[in-house]
Amino acid sequence: DVKVTQSSRYLVKRTGEKVFLECVQDMDHENMFWYRQDPGLGLRLIYFSYDVKMKEKGDIPEGYSVSREKKERFSLILESASTNQTSMYLCASTGQGAYGYTFGSGTRLTVV
Amino acid sequence: KQEVTQIPAALSVPEGENLVLNCSFTDSAIYNLQWFRQDPGKGLTSLLLIQSSQREQTSGRLNASLDKSSGRSTLYIAASQPGDSATYLCAVPLQGGSEKLVFGKGTKLTVNP
């Protein structure tokens, strides 16, 4: 019954590496999101996509980019990983409005 | 700018107790409000979504209420169980019916056997 799948649960990368986080949903949702979650700061929106090839910056897009070539897949890219990008990354999708908001299990990224 | 506050940040109760979690938001022009549950190291699971035209929504032992005019919502958990231990987050649209949500920082609930 898994509907939003993130490719990795745990990831360790080195400073300066290019990192790809993948997210796939099987609910034919138009909207997909990438959040990061940090203790004391809560969830913060990195990027949002409302259609294939369409994207909007969230609250903290610096150091990140995204790709949505197919409706079901939304990728988060860390162009040059830094230690301050160590965090839990959560992907989510939803249909129209905020109905049916579904999260993936998260990827715990550590940059060393 | 929409801001969401949850009080308390943490709550510890004995099993069987009824409890209330609080959520407040600054911009009352919202179309809906959601409550989510997050288990440690996991993603979020949507528990309840209340539309602005509703005053409350129920699912099993959970009841969520919404008072738009005062910018408040409560999540009531009846007869709490150890399995209810988790962090509970509320979220509202950034504006109107936007798909982009603004989340509170959550209330970490511990139910002791």
Query raised in the report: Out of all the residues in segment A:1-23, which are in a strand (DSSP E or B), away from chain B (no Cβ under 14 Å) and not aromatic (Phe, Trp, Tyr)?
Result: A:VAL12, A:LYS13, A:VAL19, A:GLU22
Query raised in the report: Of all residues in segment A:27-45, how many are out of contact with any Lys or Arg (no Cβ under 6 Å at 6 or more places or on another chain) and either part of a loop (DSSP other than H, G, I, E, B) or among the small types (Gly, Ala, Ser) (or both)?
Result: 6
Report task. With the checklist (1) outside any loop (DSSP other than H, G, I, E, B); (2) β-branched (Val, Ile, Thr); (3) open to solvent by less than 70 Å² (accessible area, probe 1.4 Å) in hand, flag the one item A:ILE60 doesn't pass. Result -> (1)
**Report entry** Meets criteria (surrounded by 12 or more Cβ atoms within 10 Å (Cβ to Cβ), under 22 Å from B:GLY106 (Cβ atoms) and not small (Gly, Ala, Ser)) for A:ILE77
**Finding:** no
Query raised in the report: Of the residues B:SER12, B:SER53, B:SER24, B:SER28, which is within 13 Å of the chain's Cα centre (by Cα) and surrounded by fewer than 20 Cβ atoms within 10 Å (Cβ to Cβ)?
Result: B:SER24
Query - Close pairs from segment B:91-111: first facing chain A (nearest Cβ under 7 Å), partner among the aromatic types (Phe, Trp, Tyr) and not in a strand (DSSP E or B), Cβ under 7 Å, at least 6 apart - result: B:PRO93/B:TYR31; B:GLY97/B:TYR31
**Report entry** Residues located in segment B:18-34, provided they are in a strand (DSSP E or B) and either within 11 Å of chain A (Cβ to nearest Cβ) or not aromatic (Phe, Trp, Tyr) (or both)
**Finding:** B:LEU19, B:VAL20, B:LEU21, B:ASN22, B:CYS23, B:SER24, B:ILE30, B:ASN32, B:LEU33, B:GLN34
Requested in this report: Name every residue in segment A:74-112 that is out of contact with any Pro (no Cβ under 7 Å at 6 or more places or on another chain), in a loop (DSSP other than H, G, I, E, B) and within 13 Å of chain B (Cβ to nearest Cβ), in order of residue number.
Outcome: A:GLY95, A:GLN96, A:GLY97, A:TYR99, A:GLY100, A:TYR101, A:GLY104, A:SER105, A:GLY106
Requested in this report: Output the number of the condition that A:PHE48 fails; it satisfies all remaining conditions of (1) more than 12 Å from the chain's Cα centre (by Cα); (2) in a strand (DSSP E or B); (3) at the interface with another protein chain (Cβ under 10 Å from one of its Cβ atoms).
Outcome: (1)
Report task. Look through B:SER59, B:SER65, B:SER70 and report the one residue that is buried (at least 17 other Cβ atoms within 10 Å of the Cβ), among the small types (Gly, Ala, Ser) and away from every other protein chain (no Cβ under 14 Å). Result -> B:SER65
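The values are calculated or read from the model by the stated rules, or taken from the named source; none is laboratory data. Since the structure is predicted, the reported quantities are computational estimates derived from the model, not experimental observations. Every residue, glycine among them, receives a Cβ derived from its backbone with ideal geometry; neighbour counts consider all protein chains shown. Side chains are part of the model used for accessible areas, which takes the heavy atoms of the whole protein and leaves out ligands, DNA and RNA. Shrake-Rupley method; radii C 1.70, N 1.55, O 1.52, S 1.80 Å.
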